[in-house]
Amino acid sequence: MDTHCHLTYKGLDEIKDQVIAEARKDMFGIVTCGLPEDADKALHLSAKYPDFVHVTLGLHPTDVLHMSDEQIESYKQFITKNKAKIIAIGEIGLDYHWIKDEKDIKKTKIVFVDFIYLAKQLNLPIILHSRKAEEDVLKIIVDNDVRNATFHSYTGNITLARQIIEEGYYISINTNIINSKNSKKIAKSLPLEMLLTETDSPFLSPFPGKPNVPQNVKLVVETIAKLRGERFDEVNQTLLENCKTFFNIE
Ligand SMILES: [Zn+2]
């Protein structure tokens, strides 16, 4: 199962029906993440493929800086209104790769906490974006007593990864595991029960010149199984169970 991708984002949006038809042959499901610009589209897509495409709605930290307080507020109302159609809040979080100005960081922190409380209010798990900000994201969710969250496309170090799972949060491994020693180390040494799998399609393609697609999640599972010296089927089954538990889906 792909627990994080952007099916309605440009690059994938144009070919999504074809990609879904292909993915349906051997995947349990796809979780697509809608952001303010494509939230509506994501909900429509899920309505078209109700048992296969699941939606999360979030606000990427870089989007926060392009929106007024009123726009953010009305987006929160939109999410609340569509609560029954979504399975998580996210991605939300912090990004110190793109956001370096102190004032901007402060604003993204305020909005992040605001969305944590939205997730609590709606009783939904949280998909975290934490690029180069893993430590602060962990601190904020612990301080705010978040119970159910996953670090999507985690690229932090292994020491922090251990702390994250000790706190009971999941770590999501994406297709960059193919070329990342750090991701390999994490996927090999952490308990399999605390890992999720994703592609972040259309981003992070393992095949240069081609968009990433959800079915590439199979490569992630294969790599994890090989690293751990375990059978693909068993690893695949455990990882699928993790996804179902996390999102509370059947
Ligand atoms: Zn994403």
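The values are calculated or read from the model by the stated rules, or taken from the named source; none is laboratory data. These numbers were taken from a predicted model, which means no experiment stands behind them. When we count neighbours, we look across all protein chains shown, and the Cβ atoms used for this are built from the backbone with ideal geometry, even at glycine. The area values use the complete protein model at the heavy-atom level, side chains included, leaving out ligands, DNA and RNA. Shrake-Rupley method; radii C 1.70, N 1.55, O 1.52, S 1.80 Å.
The table below lists the values:
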quantity: Every residue from segment 17-40 that is under 27 Å from GLU241 (Cβ atoms) and assigned to a helix (DSSP H, G or I); calculated: VAL19, ILE20, ALA21, GLU22, ALA23
quantity: In segment 41-61, residue farthest from the chain's Cα centre (by Cα) [restricted to those that are part of a helix (DSSP H, G or I), touching a residue at least 12 places away in the same chain (Cβ under 8 Å) and away from the ligand (no atom under 16 Å from the Cβ)]; calculated: ALA47
quantity: Positions within segment 1-40 being among the hydroxyl-bearing types (Ser, Thr, Tyr) and either free of Cβ contacts under 8 Å to residues at least 24 places away in the same chain or in contact with an Asp or Glu (Cβ under 8 Å, 6 or more places away or on another chain) (or both), in sequence order; calculated: THR3, THR8, TYR9
quantity: Near pairs, Cβ below 8 angstrom, 6+ apart or cross-chain, from segment 80-101 (closer than 23 Å to GLU134 by Cα) to any residue that is hydroxyl-bearing (Ser, Thr, Tyr) and open to solvent by 10 Å² or more (accessible area, probe 1.4 Å); calculated: ASP95/THR62; TRP98/THR62; ILE99/THR62
quantity: Single residue of segment 26-40 satisfying the filter (within 16 Å of HIS129 (Cα to Cα) and open to solvent by less than 20 Å² (accessible area, probe 1.4 Å)) that is nearest to the ligand (Cβ to nearest atom); calculated: CYS33
quantity: Test for LEU160: is it open to solvent by less than 20 Å² (accessible area, probe 1.4 Å), closer than 18 Å to ALA84 by Cα and over 15 Å from the mean Cα position of the chain (by Cα); calculated: no
quantity: Tally of residues being part of a loop (DSSP other than H, G, I, E, B) and either more than 14 Å from the ligand (Cβ to nearest atom) or among the small types (Gly, Ala, Ser) (or both) across segment 1-16; calculated: 2
quantity: Checklist (1) touching a residue at least 12 places away in the same chain (Cβ under 8 Å); (2) assigned to a loop (DSSP other than H, G, I, E, B); (3) not small (Gly, Ala, Ser) applied to LYS107, failing item; calculated: (2)
quantity: Residue list for segment 192-242, restricted to those being within 16 Å of the ligand (Cβ to nearest atom) and either assigned to a helix (DSSP H, G or I) or at positive phi (or both); calculated: ASP200, LEU204, PRO214, ASN216, VAL217, VAL220
quantity: Matching option when the condition is away from the ligand (no atom under 15 Å from the Cβ) and either open to solvent by 20 Å² or more (accessible area, probe 1.4 Å) or not in a loop (DSSP other than H, G, I, E, B) (or both), among VAL146, VAL137, VAL142; calculated: VAL142
quantity: Matching option when the condition is crowded, with 18+ Cβ neighbours inside 10 Å, among the β-branched types (Val, Ile, Thr) and under 15 Å from the mean Cα position of the chain (by Cα), among THR197, THR155, THR223; calculated: THR197
quantity: Segment 163-191 - residue that is part of a strand (DSSP E or B) and over 18 Å from MET27 (Cβ atoms) and, of those, most open to solvent (accessible area, probe 1.4 Å); calculated: TYR170
quantity: Criterion violated by ASN212 - all others in (1) in contact with a Ser or Thr (Cβ under 9 Å, 6 or more places away or on another chain); (2) modelled with pLDDT of 95 or more; (3) open to solvent by 20 Å² or more (accessible area, probe 1.4 Å) satisfied; calculated: (3)
quantity: When residues of segment 62-102 are limited to those that are part of a helix (DSSP H, G or I) and within 16 Å of the ligand (Cβ to nearest atom), the one least open to solvent (accessible area, probe 1.4 Å); calculated: VAL64
